[in-house]
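Some notes on the structure that comes next.
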Amino acid sequence: MTGAGLAAAPGRAAVLPAWARFAARRTLAAAAVLWAAATTAYVALLLAPGDTVDILVGDGPDTPGIRAGIVAEWGLDRPQVVQYLSYLWRLLHGDLGRSYQLQRGVADVLAGQVGPTAQLTLAAAGVGVTLACVIATATAGRGRLARGAASAAELASVSVPPFLIGIVLLAVFSFTLGWFPVSGAEGARALVLPALALGLPIAGVLGQVLRGGLERALEQPFAVTARARGLTERALVTRHALRHALLPAVTLAGWFTGTLLGGAVITEALFGRPGLGQVAMRAVTGRDMPVVMAVVLLSAVVYVTVSTLLDLAYRVIDPRTRG
Amino acid sequence: MTAVHGSADARPSAAAPAGPLVAVEDLRVSFGAAEVVRGVSLSVAPGECVALVGESGSGKSVTARSLLGLAGPGAAVRAAAFSVAGRDALAFREPDWRRLRGSFAGLVLQDALGSLDPLRTAAAEIGEVLSVHGVVPRRARAARVLELLAAAGVPEPALRAGQRPHELSGGLRQRVLIASAVAAGPRLIIADEPTTALDVTVQARILRLLAERRAEGTALLLISHDLAVVASVADRVLVLRDGQVVEQGPTRDVLSSPAHPYTRSLLAAVPSAATRGARLSDGPPPPPRRPPGGDVPVLAATGLVRSHGPRRAVGGVSFALRPGETLGVVGESGSGKTTLARLVLGLLDPDAGEVTLHGRPWSGVRERARRPLRPSIQLVSQNPLDSFDPRHTVGRLVAEPLRLPRRERRARVLDLLERVGLPPGTAARHPRELSGGQRQRVAIARALGPRPAVLVCDEPVSALDVSVQAQVLDLLAELQAERGLAMLFISHDLGVVRHVSDRVLVMKDGEAVEEGDVEEVFLRPRHPYTRALVAAVPRLPPARPSRPAPSPSYDHPERSRTS
């Protein structure tokens, strides 16, 4: 806090501009979080009951050759500290290890799956944010009927679990109307229903938060000043109020990253799409520890990246938060 | 002060077409079942300055905003006749209003409430008016914004244009608001409490700026609770109470020989040198006050220094407060008044210097050593609501500092509430349900509970209407007379300080620039800063000598009987 106060003082003689110092601080913090995630995964492996080699083999084929490979890769014949440090060293070089069940490198297993999952989650986030913005700006401060209808729709989309939304969407648009494919990941049409199933609950929550924020902003004195300049309500919402309403919405975005990743597992299963969700499911049920550890690390990377970006977004939206 | 004579006739009539800019008859505004404006008639002629005066809830702001079609959501506005810019406003639809807002009439709101969008730069806010009304082509907009800022008296306009409200001082924000209100060259400025919460010297500059706009022919509708502010700029004044005009006329007549009892009581409630030792509100005459006595100061500070980071908030302040005495502390925002209060209360430790309470060391000792003495120094703050736990009842709030067995506690709480003029039923209520004046009474009751010798009052009446302020000041005076309380009375309002204080300490940038007997300091200020402060205070015109009432100033016995 005092740091922020000092930085705000005029005539500061810092070596780096404020944003660069902020970015440096955030990057350091992000690295620390990733290190903690990697270490947690490692400790989980150590604490799991049974021999480490047995755990790493999992349900896969078990031959003396494979066992020797595991011992060599993980350095299990060397001291604990060396094992841990060499694990980190491998991660630092982007080596996620080897899945002994699939007989392939973990990075190789994941590589083909990241794309479809990224497509799905980004599309869902897009659907959620767009719908929320449109509905909130269209209904904020409007008549009771419009707000009531939007509110009810939002409540429904939040309370119904995504898989049920998915099933209903499938039943109506694929089985009955035949507009969209039932499963698969070929082409944009196959993306529509899964993105809706995953994005609608986000639209619901985000829409409510945005409308609340808009309505609060529209009651502020500066809204009266803006109206007194001759602005239309629409201009008032888009030029002034929306930016204020975005602040709580950005905070929520951190939360829905988790929803998206978790929801992707179910949505991918339901719509028969390839993706990280499918891989994670198989790895967990098949006790393929190297893959599970890699998925944990990957989600940590996504989380850290998203939250860093959101912090930066906060500073762009609200200059008062710049230290 | 140049504006005291009626100017509608003094002004060259060629400057504007005939007919008022706005005229409304029997204006009624209601929100649901509550009618907040009940039959107000008013008109503003070109170049004229009309003031709406009233306390909170009098309907003055709603009246003013109705003139722009901005009474608010859910407001039902009716009138017998309503013309704006020569057109029938009763037939207006939203787009009609919108075309007039900003271009025909600009609205200046009180800055302290956040009337500028905190996320946007000054240039964006002013430029918006230019773009909405297409005043200048887009290319010329940035240059025009700088001109407007300069015309509004903003120094370094190029720097300020890129800054946001949190980077600007209160005075600069108010100037930006004015610049944006006049950007499209309106013929009428509606200013709603444009100087409230500003320091007195800043207020003087803002009033001068508004007077300049008027000199250029812009009409002004000024809304204020402050009669003295109105006196210095308005041609005509309308006094509002409960949504009705109780009195109107040329400013000088209304303020120097008020006809309505409410106007008289409003004027009587204004504290000043003339009201010293007298009641400001209705009631029995105050009890005689014991002269402050004793050579041993109850509270003393020597060479207090305290810095916040690199900034020196208090730099070497000394004073002594004798039992039963009131020491006023005046100064503008940022002068270190509140830091001084915290040092004195033992809530902050000084970097250098010393505070003694009852002759014993008070600063620089451990809290454990301070605690037994804590009851003898208590605080009344500006905004009591913030100092109350919102979930506690009034009874619990007042009981908290009392060290009494449970059985006696309740009786003592009721006693204290009665003493500050609150009914016993108040004990069961929550602070949020009370009015501002009642809350301040609760805060005083809580401060009195531990039977203090010193009361530190930090801007105790700044958030109150003038009539409520009068009651609270009277209450403090009574309590002081009764109990021989010593008071450290911090205020930015020179009139209030002059009314209550025996001696006064003038602070600037953390230093005490002048100290002495209150009349001596105000009548013969030695330090240039004190002189500037005293000169900046807007004054009420003296009561008219031709009136049968004998008193040459607003004198007390006459006034305490009014209404």
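The values are calculated or read from the model by the stated rules, or taken from the named source; none is laboratory data. The shown structure was predicted, so the numbers you read here are calculated from the model rather than taken from an experiment. A quick note on method: Cβ atoms are made from the backbone with ideal geometry, for glycine too, and the neighbour counts reach across all protein chains shown. Please note that ligands, DNA and RNA were not included when accessible areas were found on the heavy atoms of the full protein model with its side chains. Shrake-Rupley method; radii C 1.70, N 1.55, O 1.52, S 1.80 Å.
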How large is the Kirkwood hydrodynamic radius of the range B:357-448, counting all unique pairs of alpha carbons, in Å? 14.1
Label model pair A:L164, B:H392: point-to-point distance (7 angstrom along the Cα→beta-carbon line) in nm is 4.7
Do the sum for the protein assembly as shown: with -39,500 (n - 2.57) for every DSSP H run of n ≥ 4, divided by all residues, what is the mean residue ellipticity at 222 nm, to the nearest 500 deg cm²/dmol? -15000 deg cm²/dmol
Grab the alpha carbons of chain B, take their convex hull, and tell me the volume per residue in Å³. 170
Given points 7 Å out from each Cα along the Cα-Cβ axis, report the B:V296 to B:S56 separation in nanometres with one decimal. 4.3
Using the Cα centre as the reference, give the magnitude of the dipole from point charges on the C-beta atoms of the range B:299-539 (Lys, Arg: +1; Asp, Glu: -1; all else neutral), rounded to the nearest 20 debye. 1040
Spin-label point model (7 Å from Cα, Cβ direction): what's the B:S462 to A:A44 distance in nm? 5.5
Which one, A:I266, A:I55, A:I202, has the greatest fluctuation when you compute a Gaussian network model over chain A with C-alpha springs under 10 angstrom? A:I55
Mean shadow area of the range B:299-539 over all directions, Cα convex hull, nm²: 13.4
Taking the Kirkwood radius as the inverse of the mean 1/r across Cα pairs, report the Rg/Rh of the range A:26-115. 0.98
Taking both sides together, what accessible area is buried at the B/A interface, probe 1.4 Å, expressed in Å² and rounded to the nearest 100? 2100
Hydrodynamic radius by Kirkwood for the protein assembly as shown, inverse mean 1/r across distinct Cα pairs, in Å, is 32.6
Provide the percentage of antiparallel DSSP beta bridges, counting only those with both residues in the protein assembly as shown; round to the nearest 5. 55
Considering only protein heavy atoms, what per residue accessible area in square angstrom results for chain B with a 1.4 angstrom probe? 42
One-quarter of the Cα convex hull surface for the range B:464-534, in nm²? 5.2
For the range B:65-144 the translational diffusion coefficient, Stokes-Einstein from a Kirkwood Rh over Cα pairs at 10 °C and viscosity 1.306 mPa s, in µm²/s, is roughly 108
From the C-alpha gyration tensor of the range B:184-322, pull out the three semi-axes of the equivalent ellipsoid (sqrt of 5λ each), sorted largest to smallest, in whole Å. 38, 27, 11
Contact-by-burial set, the range A:302-323, min loss 40 Å², accessible area of protein heavy atoms with 1.4 Å probe, reference chain alone, gives A:P319, A:R320
Rg over Rh, two decimals, the range A:233-323 (C-alpha only, Kirkwood Rh): 1.16
With 0.36 nm assigned to each residue of separation and the Cα-Cα distance removed, A:T321 to A:V81 gains 82.2 nm
Reciprocal of mean inverse Cα separation for the range A:115-321 (Kirkwood radius, Å): 18.6
Charge dipole of the range B:299-539 built from unit charges on the beta carbon (Lys, Arg +1; Asp, Glu -1), centred at mean Cα; most positive-end Cα among B:A313, B:A427, B:V521 is B:A427
Viscosity 1.002 mPa s, temperature 20 °C, Stokes-Einstein D of the range B:17-132 from Kirkwood C-alpha radius, µm²/s: 138
Report, by chain and number, residues whose modeled amide H sits under 5 Å from the one on B:V513, excluding near sequence neighbours (fewer than 5 apart, same chain). B:V506, B:M507, B:K508
log10 I(q)/I(0) for the range B:258-387, Debye formula on C-alpha points only (no solvent), q = 0.13, 0.17, 0.22 Å⁻¹, two decimals, reads -0.72, -1.04, -1.35
Quote the charge dipole size of the protein assembly as shown about the Cα centre in Debye, to the nearest 20; the model charges only the Cβ of Lys and Arg (+1) and of Asp and Glu (-1). 560
Report Rg (one decimal) and Dmax (nearest whole number) for the range B:116-185, counting Cα atoms only, units Å. 10.7, 31
Placing unit charges on C-beta atoms (Lys and Arg positive, Asp and Glu negative, everything else neutral), compute the dipole magnitude of the range B:116-185 about its Cα centre in debye, rounded to 20. 140
Would you mind telling me the antiparallel percentage of the DSSP bridges in chain B, rounded to 5? 55
Compute the accessible area of each residue in the range A:197-230 twice, once for its chain alone and once with every protein chain present, using a 1.4 Å probe on heavy atoms, and list those whose area falls by at least 20 Å². A:P221, A:F222, A:V224, A:T225, A:R227, A:A228, A:R229, A:G230
Quick one: which residues, 5 or more positions from B:V298 or on another chain, have an amide H under 5 Å from its amide H? H modelled 1.01 Å from N in the peptide plane, none for Pro or chain starts. B:L321, B:R322
Gain upon complete extension [B:R99, B:S307; 0.36 nm per residue less C-alpha separation]: 69.7 nm
The percentage of the accessible area of the protein assembly as shown (probe 1.4 Å, all protein chains present) made up of carbon and sulfur atoms, to the nearest whole number, is 59
Output the antiparallel fraction of DSSP beta bridges having both residues in the range B:299-539, as a percent to the nearest 5. 55
List, by residue number, every residue in the range B:72-119 with a reduction of 50 Å² or greater in accessible area between the chain on its own and the complete protein assembly, 1.4 Å probe. B:R98, B:D117, B:P118, B:L119
